[in-house]
Amino acid sequence: MVDPLRKPDGPAVQFMIVDFLTEILKFSSSPSDMADHLTRLLRELMGVRVVMMLQHDDRLSEWVVRIVAIEPKRTQGQVLVRDLAQFIDLHPPQGGAVLILRSSVSPDLVAILDRMGLDSLSVTPLRVGDLRVGTLMALDYPDHEHSDDVLALLDVLAPVFALTLQNALHFESQEARVVAQAEEYRTLLRTSPDGFLTVSGSGVILHANEAYLAMTGYTLEEICNLSLSRLEARETPPVLGEHIARIKMNASDRFLSVYRRKDGSVFPVEVSTTYVPTRGVFLSFVRDLTELKRAEEETARLQIQLQQSQKMESLGLLAGGVAHDMNNVLGAILGMASANIDAHAPESRTYRAFETIIKAAERGGKMVKGLLGFARHTPAEQQVLNLNAILQEEIRLLERTTLARISLLTDLDPDLRPIMGEASSLTHAFMNLCVNAVDAMPGSGTLTLRTRNLGQDWIEVVVEDTGVGMPKEVLERAMDPFFTTKGVGKGTGLGLSLVYSAIKAHQGEMEIQSDPGMGTRVRMRFPACAPPSRSLEAEKAPAPDERRSSLAVLVVDDDELIQYSTQALLELKGHVATTVSSGEEALAKIEAGYIPDVVILDMNMPGLGGAETLPRLRALNPTVPVLLATGRVDQFAVELARAHPHVTLLSKPFGLDELGQFLETVAGRGEL
Ligand code: ADP
Ligand code: MG
């Protein structure tokens, strides 16, 4: 059978090589089939038992031998590659094919041949250039006589086998890479937080990844074969054909859209679509923007809140700055007018003029107090409050006034937790909200007052009306100081801004929801506190003592206007006033032996202010009643008054009535 090989370089051999090459070209698209085919041809030609192509991989730390092709295939499992590897290098370096006979090898190799039932084998190194890529082995020659011819033939064919082997190996590694890449790609799509859609050229969904299914609530079966247009929920969706044409033209497109979930709800998305010309298949990445939008809205909301509190802050600073001086001006006007009014007949023009001056000054005083509401950051008092009780008071008032046309719904949680704060400022705040609600319901409507606990730490108060509501541009500015939509003389525009300040002063939060025609809901949250453990003991009033009609009053105020007007008021009441313009002067006077019956002490003075003068004054005279005069009755003033016995706060500006009342109270307590 090896006859044709008698002349290894003769025409027969050349034909055979051409034949070989022609045959293997049939398999050119699959290099591993090519190797199989070549191996089979060679086995038939040589009539040996087994032919195989081995790959050596010396890139690994140990020499690894692997069968790439073997004929006949069934022998694959019987061949012990590790044993055969012992024969691989039994040829001279750079040499050609060798024939190994049982009779010509060392005993340990004989043992191997015996184990495999072999008599002979040939080993042909396969090289591409200088690179050894593997070995061709043929096992068991039937005819050893023509071994030279056989070896010559193997040498001739070796380069063809070497190229085929290299090709097959290259192909294998490429294939492995593609498989690995496909696997990576699949994992990526499966675990991606972004949705991924495969869409046909006509806009039909072919596949969706898990993230997309989770986003939309569809199952894979449900979504496959749906048209992409079913998912689009934009008000004006793009014409699908045009859209597809644009993506095809630009290869990819990135746009914002709104998609629909299975339950019909919609969500904002960012879509990146790529056109794959080879497959006619669109690939779309869909990113759910719901969270992002929510975060953006939250930022915007916080921004507005910040602006609001900054506005209040600057207004508060301004108010605080002018209030003191303004109060003194008003105090002087009020003092002088009320001191002099009684010198005139009640019907006279001058009397009426004084009356008007007094009213105007009082109104001015209230406005200044209102402004000071902005300047205050802590409630003037910290009492345990039951907001239900405050609201019930409000309800009684409303029932008497507006409830003919407006129905009132109350839903007050009987187990409402108390809060810490100042009753008067919250009463005022709730009243403002109720007035706004009533104003918003000119015909009829329903006003709802609701309270409830929000968990352990917060309580909620809701004031809701079914009135005209607010358009967006009004709602945005409703809390601005001096913003009003009510006519001149009707609205001051200070209602909601004072509500806001009062709530902030109580560490609370406030939110207004409103739409034109849909009414308005104001929701407020306050930090809850534990119920009071012990009832605060009411201060026991000492038994009344004899009263004195004429008192020696020491007036301590740096403002000359106040000195004059207070003196005028006191003298009108029959008291004797001594005026000094600083805390230092007052202390010096007392140290020098002056004994006042009452001291009117201004809080705000250069040098020793009221707060610094008071303890020194107490040291000199522990019992003299003190009227602490201040335009700002805040927490600090309240605590200061509380910390010392016989101290009463006197709110500036004061007229004859207020001062008279205070002096009487002081006298009534038997302190004089
Ligand atoms: P005022 O009541 O003096 O106008 P506010 O600060 O209380 O000032 O309110 C500001 C504006 O907010 C009002 O003029 C009105 O336009 C709007 N507003 C407030 N509360 C309501 C409400 N419950 N319903 C409709 N609009 C309201
Ligand atoms: Mg109002």
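The values are calculated or read from the model by the stated rules, or taken from the named source; none is laboratory data. Everything numeric here is computed off the predicted structure, so don't read it as measured data. As a convention, Cβ positions derive from the backbone with ideal geometry for all residues, glycine included, and neighbour counts pool all protein chains shown. SASA here: full protein model, heavy atoms, side chains in, ligands and nucleic acids out. Shrake-Rupley method; radii C 1.70, N 1.55, O 1.52, S 1.80 Å.
Every Cα-Cα pair in the chain was counted, and those over 32 Å apart are 72% of them.
Using the Karplus relation 6.51 cos²θ - 1.76 cosθ + 1.60 with θ = phi - 60°, the per-residue 3J(HN,Hα) values for the stretch 43-56 come to 5, 4, 5, 8, x, 8, 6, 9, 10, 8, 10, 10, 9, 10 Hz, with x marking Gly and Pro. Note that the stretch 546-668, at 25 °C in a medium of 0.890 mPa s, gets a Stokes-Einstein diffusion coefficient of 173 µm²/s from its Kirkwood radius over C-alpha pairs. Each Lys or Arg adds one and each Asp or Glu subtracts one; over the other residues with Cβ under 14 Å from the Cβ of residue 612, this totals -2. Around the amide H of residue 128, modelled in the peptide plane, lie the amide H atoms of 133, all under 5 Å away and 5 or more residues distant in sequence or on another chain.
Fully extending the segment from residue 245 to residue 483, taken as 0.36 nm per residue of separation minus the present Cα-Cα distance, adds 80.4 nm. Taking amide hydrogens as placed 1.01 Å from N in the peptide plane, the amide H of residue 604 sits under 5 Å from those of 610, each at least 5 positions away in sequence or on another chain. Between helix 290-340 and the chain there is an angle of about 10 degrees, using the helix long axis and the longest principal axis of the Cα atoms.
Starting from a Cα-only point model with no solvent, please compute log10 I(q)/I(0) by Debye for the stretch 376-531 at q = 0.10, 0.13, 0.18 1/Å. Values, matching the q order: -0.34, -0.58, -1.12. Compared with the dominant principal axis of the Cα atoms in the chain, helix 387-401 is inclined by about 60°.
If you wrap the tightest convex hull around every Cα atom of the stretch 34-137 and split its volume per residue, you get 116 Å³. Restricting everything to alpha-carbon atoms, can you work out Rg to Rh for the stretch 332-372 with a Kirkwood hydrodynamic radius? Ratio of gyration radius to Kirkwood radius: 1.08.
Grouping the Cα pair distances of the stretch 129-248 into 5 Å bins from zero gives a pair-distance distribution of 2, 8, 11, 11, 10, 8, 6, 5, 5, 6, 6, 6, 5, 5, 3, 1, 1, 0 percent in increasing distance order. Under 5 Å between amide hydrogens, built in the peptide plane, is the criterion, and for residue 555 it picks out 578, 579, 580, 600 among residues at least 5 positions away or on other chains.
Entry note, the chain: the mean residue ellipticity at 222 nm calculated from DSSP H runs of n ≥ 4, each adding -39500 (n - 2.57), is -14500 deg cm²/dmol after division by the residues and rounding to the nearest 500. Using θ = phi - 60° in the Karplus curve 6.51 cos²θ - 1.76 cosθ + 1.60, the 3J(HN,Hα) couplings for the stretch 607-612 round to x, 6, x, x, 5, 7 Hz; x is entered for Gly and Pro.
Measuring against 18 Å, Cα to Cα, the residue pairs 490/652; 366/652; 311/504; 359/652 contain 490/652 as the ones spanning a longer distance.
Backbone phi angles across the stretch 161-172, fed through the Karplus curve with coefficients 6.51, -1.76 and 1.60 (θ = phi - 60°), yield HN-Hα couplings of 5, 4, 5, 4, 4, 4, 4, 4, 5, 4, 4, 4 Hz in residue order; Gly and Pro are listed as x. Compactness of the stretch 261-314 was expressed as the Cα radius of gyration divided by 2.2 N^0.38 Å, which yields 1.96.
Accessible area per residue (1.4 Å probe, heavy atoms of protein chains only) ranks 171, 483, 20 as 171, 483, 20, with the largest value leading. Helix 349-375 versus the longest principal axis of the chain: what is the Cα-based angle in degrees, 0 to 90, to the nearest 10? For 349-375 against the chain, the angle is about 20 degrees.
Label sites at residue 589 and residue 295, each approximated as a point 7 angstrom past Cα along Cα to Cβ, lie 6.6 nm apart.
Report the relative contact order of the chain, percent, no decimals, based on alpha-carbon pairs under 8 angstrom and at least 6 residues apart.
Once divided by the residue count of the chain, the mean separation gives 8 percent.
Highest mean packing first, where packing is the average number of other Cβ atoms within 10 Å per residue, the peptides 98-104, 648-654 line up as 648-654, 98-104.
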